[in-house]
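J.: One structure, pasted below without further comment.
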């Protein structure tokens, strides 16, 4: 076990965990980035739903749909190839 120097306490040895006003700025920045990221993720989900509807069902909609019920038959294999 490590011996402490005289005058040092265990809390001094572990580090200084005091908070400063900088912590509030960083927290506010993290909240803003998180909120923006949530809206970007929602937008990406809407884009995925839009293109799924457009290419599998030939309709313009952002309502989530599964490609499972399409009427394309074997041509359904070409859609991911075209998307790539």
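The values are calculated or read from the model by the stated rules, or taken from the named source; none is laboratory data. A quick note: this is a predicted structure, and the numbers were derived from the prediction, not measured. Cβ atoms come from the backbone with ideal geometry, glycine included; neighbour counts cover every protein chain shown.
J.: Would it be correct to say that residue 39 is at pLDDT 95 or above, under 29 Å from the mean Cα position of the chain (by Cα), on the phi < 0 side of the Ramachandran plot and part of a helix (DSSP H, G or I)?
T.: Criteria met by residue 39.
J.: Another question, if that's okay. Taking the range 60-84, which residues are surrounded by 11 or more Cβ atoms within 10 Å (Cβ to Cβ) and either out of contact with any helix residue (DSSP H, G or I) (no Cβ under 8 Å at 6 or more places or on another chain) or part of a helix (DSSP H, G or I) (or both)?
T.: Of everything in the range 60-84, those that are surrounded by 11 or more Cβ atoms within 10 Å (Cβ to Cβ) and either out of contact with any helix residue (DSSP H, G or I) (no Cβ under 8 Å at 6 or more places or on another chain) or part of a helix (DSSP H, G or I) (or both) turn out to be 67, 76, 78, 79.
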